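Below is one structure, written out as structure tokens, with a few remarks after it.
Readers should treat all values here as calculations from the given coordinates under stated rules, not as data from a laboratory. Just so you know, these numbers come straight off a predicted model, no measurement behind them. Here Cβ is always computed from backbone atoms with ideal geometry, including for glycine, and neighbour counts include all displayed protein chains.
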Amino acid sequence: MMNNDVMMEEKQLTLTKAQKRKLKKEIKRKEKERIRAERERQRKIRNLKKYGATIIIVIIIAAFFYWKSLPPKNASIIEVSPKTYNFGTVSQAKGVVSGIVKVKNIGNEDLIINNMDTSCGCTSAAMIYNGVEGPRFSMSMHGTNPKDWSLAIPSGKTAELKIYYDPNVHKDLRGPVTRSVSLFSNDPKHKNTEVRINVNQVD
């Protein structure tokens, strides 16, 4: 009988040790999970701080460039419409064609157009204001553009840019053609405003 009692006690003692080992493993596992969760929480906090700082920097930069893009309180502002004029099909047989682009001053001060230039000798342009057409400008490198010319467009008023295209300047040219007219003004944000023209040149 005594031997049986001893065996029972040893069995209980062995079971208790196993339970302790299991308990220790469970405690270690939970501690590892807690540490892992805490590390993950700290990582998320660091990311939030990093992304938050990045977002703030982006907002500051965007606000700066927006502010820089705003014209001064008292300034001229040029508005052209359309920015691209489509002549469609232009025949050499019919010769020079012309089109009108509106040039409006949407600022608070007089808009001064003080020079013009074109990208090619086949293209020329003149300003029209109050029914009077000014001198014609072409490619400046040809040296034939008017000197000391300017046009003042009051606030809220509209002038016209008359663009001429001569298909016979390039007699061998056929198909799509793109040219441009540059308007130089006192608009502080758009000193050089470009108007494009599209042409399909045929015989």
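Structure above, values below:
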read-out: Ranked list, fewest to most other Cβ atoms within 10 Å of each Cβ, for Val202, Val177; value: Val202, Val177
read-out: Which listed pairs, of Lys24/Lys44; Lys104/Lys191; Lys22/Lys44; Lys171/Lys191; Lys94/Lys162, have C-alpha distances above 23 Å, in listed order; value: Lys24/Lys44; Lys22/Lys44; Lys171/Lys191
read-out: Over region 78-202, relative contact order from alpha-carbon pairs under 8 Å, at least 6 apart, %; value: 37 percent
read-out: Volume in Å³ per residue [convex hull over Cα atoms, computed for the chain]; value: 245 Å³
read-out: Ordering of 189-195, 161-167, 105-111, 25-31 by burial proxy (mean other Cβ atoms within 10 Å per residue, highest first); value: 161-167, 105-111, 189-195, 25-31
read-out: Extent along principal axes [Cα atoms of region 21-130; Å; largest to smallest]; value: 102, 42, 19
read-out: Principal-axis tilt of helix 2-69 within the chain, Cα atoms, nearest 10 degrees; value: 10 degrees
read-out: The chain: most fluctuating residue of Ile100, Ile61, Ile113 per GNM, C-alpha cutoff 10 Å; value: Ile61
read-out: Kirkwood Rh in Å, taken over region 118-183 so that all alpha-carbon pairs contribute; value: 13.3 Å
read-out: Sequence of Leu173, Leu183 once ranked by neighbouring C-beta atoms within 10 Å, starting from the fewest; value: Leu173, Leu183
read-out: Residue-averaged 222 nm ellipticity for the chain, from DSSP H runs of 4+ at -39500 (n - 2.57), nearest 500; value: -12500 deg cm²/dmol
read-out: Under 10 Å, Cβ to Cβ, from Pro154 - net charge with Lys/Arg +1 and Asp/Glu -1; value: -1
